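Since the structure comes first, as structure tokens, the remarks are kept for the end.
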Amino acid sequence: MCGRFTQIKSRDDYLDFLLEEAESGIPYDPEPIGRYNVAPGTKVLLLNNRDEAFHLDSVVWSYAPSWWDKSPLINAKVETAATSRMFKPLWNHGRAIVFADGWYEWKKEGDKKQPYYIYRKDRKPLYFAAIGKQPFDVGDEAEGFLIVTAAADQGLVDIHDRKPLVFSPTAAREWMGPETTEAQASELAHDAAVPADEFTWHPVSRAVGNVKNQSPELIRKTDTTSL
């Protein structure tokens, strides 16, 4: 995953697919989020389950604990996150979900890189697996969250060798569940991801490369020969 995605719909649209109204104590808000170019280092709505309730917090997409002397990280590989010294505490106690509609990847074509927008064929919301430093509503902003990535498979590998780990609504709920053990979370990560054949993609304008651009035009299919 190269590090850009969209969060376009209203938070109610994402929650409607995920939670029953009676169990969601999150205030009603039908206003579209309208972010067509979500970039690392910005605050992103993050759904998590703590203190026996669901919470939707605005959390920085990056992770750099105080002892880390390199650039902030934005992704964690599913193959190693559950066991690595750095990510294991987050995997065990900081599992969350990021809402999305699709994500961008860049593919080298000739001497240039062409961006593609990837999304579900049925246009349903995406639920990215994430891990971070709990509690998400307080603490050091530098210790935000990371999106969990997995190896791309089937046609998706033609665009990029990594992809965000996308869950179905049922798997997303289990992933966040306080009662879900570390081992069960690992099983979900390896067995419950939405398969590649449920996704499609198309080329988009290179304007997505500029984080200042937030227009709906960014996700519109474009003719690569005209770029």
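A short reminder: the numbers here are calculations on the coordinates, not readings from a lab. All values derive from a computational prediction rather than experimental measurement. Here the Cβ is made from the backbone with ideal geometry for all residues, glycine too, and neighbour counts use every protein chain on show.
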- Within the stretch 9-39, which residues are over 30 Å from Arg206 (Cβ atoms), out of contact with any Pro (no Cβ under 6 Å at 6 or more places or on another chain) and outside any loop (DSSP other than H, G, I, E, B)? Leu15, Asp16, Glu21, Ala22, Glu23
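Take the conditions in contact with a Leu (Cβ under 9 Å, 6 or more places away or on another chain), in contact (Cβ under 8 Å) with a residue 24 or more places away in the chain and within 23 Å of Leu19 (Cβ to Cβ) and apply them to Arg173. Does it pass?
yes
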- Please specify each residue of the stretch 112-128 satisfying the condition of being closer than 20 Å to Asp16 by Cβ and touching a strand residue (DSSP E or B) at 6+ places or on another chain (Cβ under 7 Å). Tyr119, Arg120, Lys121, Pro125, Leu126, Tyr127, Phe128
- Query: Residues Thr6, Thr83: which one is part of a loop (DSSP other than H, G, I, E, B), within 28 Å of Ala196 (Cβ to Cβ) and either out of contact with any helix residue (DSSP H, G or I) (no Cβ under 8 Å at 6 or more places or on another chain) or of a type outside the set (A, V, I, L, M, F, W, C) (or both)?
  - Reply: Thr83
- Does the stretch 181-199 contain any residue that is under 18 Å from Ile118 (Cβ atoms), touching an Asp or Glu at 6+ places or on another chain (Cβ under 9 Å), part of a loop (DSSP other than H, G, I, E, B) and touching a residue at least 24 places away in the same chain (Cβ under 8 Å)? yes
